[in-house]
Amino acid sequence: MSGPADFGTGFWVVIGVMAVGALVTYAWRGLGVALSGRLNTASPLFVWVSCVAYALLTALVARMIVLPYGPLAETALLDRLLAAGVALGLFFATRCNILVGTLGGALVLVLLVWLRG
Amino acid sequence: MPRDTTPMPAGLIPAGEQSDGGRPRAAFRRGLREAVGAPALVLFASYLGFGALVRESDLGVLHGLFSTATGWALPGQVILVELYAAGAPLIAIAAAVALTNARLLPMTVALMPILRAGLWPRWLYYVAAHWVAVTGWAAALKACPRQPRSERLAYFLGFNATLWSATLTATAAGFWLAGSVPPLVSLGLVFLNPLYFMLVFAGDVPTRLRLYSLLLGALAGPAFHLLDPDYGLLLAGVVAGTAAFLLGRGHRPGASA
């Protein structure tokens, strides 16, 4: 929804949340400049951080496919899994072309939902 | 690597040719041009998905643009919008975004010594660091070491100027599309987000640690979400990531690091 209502308190609350997100994101970049050349990025701490970042993002991906919010929640789980499978298949069949895989998978989801009426 | 990083007075604006034969202005334009291609197209498609997600989460187009301009790292942006839409508390959102984006620290640490040149003031590197994100970072790591030092930062900034414009445009376009195409098609747009990340992982070099993190994370994501929708994602990341870390170390008894 767009319009003047967007510019009420709700609008600025969201901007505030996003500003916090931007701040914690930039903090890593700024710290990276300050510490560049003086930090062992192969240390166990960094290995652990990278494991957590990976796991967090796959957790999000799995949740978005298996238990999505919003309009995706009304689609069938089987359709979403099939679409994800086709995306992976296309990706490997095209020697890791992310664009083809992503667009193809999304298209398959649209087709499956359409076929179900 | 030789240290040719004699600091020069701040505010010095290099005009013509530098002592190492580099031409920063030309390098900036070259970066602008060379970013146009497959990586920018992939980013464009994934930010279309982000714009659509913003619309489907009942946020405004300005929110999407603000997030892309200031966050500038898609995983954290998607996590923020998803958790906010689900009503998670600010502390859970901030912690999940911070943990996901912690990889930006080692990335910046690795890139900065390559971009460093004596002619730029130090604060400029703190500004440039804002654009450290995986696409432009990988391109700079590949292209910059072959360039004269005085050209590298300019090239990096030019490259990211193109990517930034492309993603801002795509955010607005995705938002607009999600409201104008049939609901069926906007389903596909929103689904671009998980598909994109899934394929980024699928294309990664599968080290044992990453494989554990991916598998455990994929299992823990839905499970912990059912347990607690507010902190589930954060918990899933920390628990599955730590388990993967410990499992991976268990397999390398002789490893010292």
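Legend: mean number of C-beta atoms from other chains within 10 angstrom of residue C-beta atoms, peptide B:90-100, equals 5. Partner shielding of B:53-66 amounts to 4, given as the average count of beta-carbon atoms from other chains within 10 Å of each residue beta-carbon. Taking a point 7 Å out from the Cα of B:ARG122 in the direction of its Cβ, the residues of the range B:148-162 whose backbone N falls within less than 20 Å of it are B:150, B:153-154.
Given just the C-alpha atoms of the protein assembly as shown, how large is their convex hull per residue in cubic angstrom? Mind showing how you got there, number by number?
Values: hull volume 55.4 nm³, N = 374.
So the per-residue hull volume is 148 Å³.
Only Cα pairs under 8 Å and 6+ residues apart enter the sum, and on that basis the relative contact order of chain A stands at 15 percent. Largest GNM mean-square fluctuation among B:ILE79, B:ILE91, B:ILE114, using chain B with Cα springs under 10 Å: B:ILE91.
Compute the signed sum of charges (Lys and Arg +1, Asp and Glu -1) over the other residues within less than 13 Å, Cβ to Cβ, of B:ALA178.
-1
If you roll a 1.4 angstrom probe over the protein chains with everything in place, what fraction of the accessible area of the range B:24-190 belongs to carbon and sulfur, to the nearest %?
Working: 4060 of 5640 Å².
Here it works out to 72 percent.
For the pair B:LEU90 and B:THR169, what calculated FRET efficiency results from E = 1/(1 + (r/R0)^6), where r is the Cβ-Cβ distance and R0 = 30 Å, to the nearest 0.05? Calculated transfer efficiency: 0.55.
Computed over Cα pairs, the Kirkwood radius of chain A leads via Stokes-Einstein (1.567 mPa s, 4 °C) to a diffusion coefficient of 71 µm² per second. Treating each Cα of the range B:205-257 as an identical point scatterer and summing with the Debye formula, the log10 of I(q)/I(0) at q = 0.12, 0.21 Å⁻¹ comes to -0.29, -0.70.
The Stokes-Einstein estimate for the range B:48-145, based on a Kirkwood radius over Cα pairs and taken at 20 °C with 1.002 mPa s viscosity, is a diffusion coefficient of 143 µm²/s.
Largest GNM mean-square fluctuation among A:LEU35, A:LEU56, A:LEU23, using chain A with Cα springs under 10 Å: A:LEU23. For chain B, the Stokes-Einstein estimate of translational diffusion at 25 °C and a viscosity of 0.890 mPa s comes to 121 µm²/s, using the Kirkwood hydrodynamic radius over alpha-carbon pairs. Averaging 1/r over every pair of different alpha carbons in the range B:110-164 and inverting the result gives a Kirkwood radius of 11.0 Å.
Using only side-chain charges placed at the Cβ, +1 for Lys and Arg and -1 for Asp and Glu, the dipole size of chain B relative to its Cα centre rounds to 1000 debye. With R₀ fixed at 51 Å, the C-beta to C-beta distance from A:ARG38 to A:LEU82 puts the FRET efficiency at about 0.55. Taking the inverse of the mean 1/r over every pair of distinct Cα atoms in the range B:103-218 gives a Kirkwood hydrodynamic radius of 16.9 Å. Take every Cα pair under 8 Å whose residues are at least 6 apart in sequence, average their separation, divide by the length of chain B, and the relative contact order is 32 percent. For the range B:104-121, accessible area lost to neighbouring protein chains reaches 10 Å² or more, against the chain alone with a 1.4 Å probe, at B:LEU104, B:LEU105, B:PRO106, B:THR108, B:VAL109, B:MET112, B:PRO113, B:ARG116. Of the residues B:VAL36, B:VAL134, the one with the largest accessible area comes first in the ranking B:VAL36, B:VAL134, computed with a 1.4 Å probe on protein heavy atoms. Annotation for the A:B interface, with buried accessible surface near 7300 Å², both sides summed [1.4 Å probe; non-protein components not counted].
Spatially, the range A:80-109 and the range B:106-182 are offset by 28 Å when compared through their Cα centroids. Take each residue of peptide A:11-20, count the partner chain Cβ atoms within 10 Å of its Cβ, and average: the result is 6. Counting only DSSP H runs of at least 4 residues, each contributing -39500 (n - 2.57), and dividing by the residue count of chain B, the helix-based mean residue ellipticity at 222 nm comes to -23500 deg cm²/dmol. Label positions at B:ARG146 and A:ALA19, each projected 7 Å from the Cα along the C-beta direction, are separated by 4.4 nm.
The residues of the protein assembly as shown expose, per residue, 44 Å² of accessible area to a 1.4 Å probe.
The values are calculated or read from the model by the stated rules, or taken from the named source; none is laboratory data. Keep in mind it's a predicted model, so treat the numbers as computed, not measured. All Cβ positions, glycine included, derive from the backbone under ideal geometry; neighbour counts span all protein chains shown. Surface areas here come from the heavy atoms of the whole protein model, side chains and all, with no ligands, DNA or RNA. Shrake-Rupley method; radii C 1.70, N 1.55, O 1.52, S 1.80 Å.
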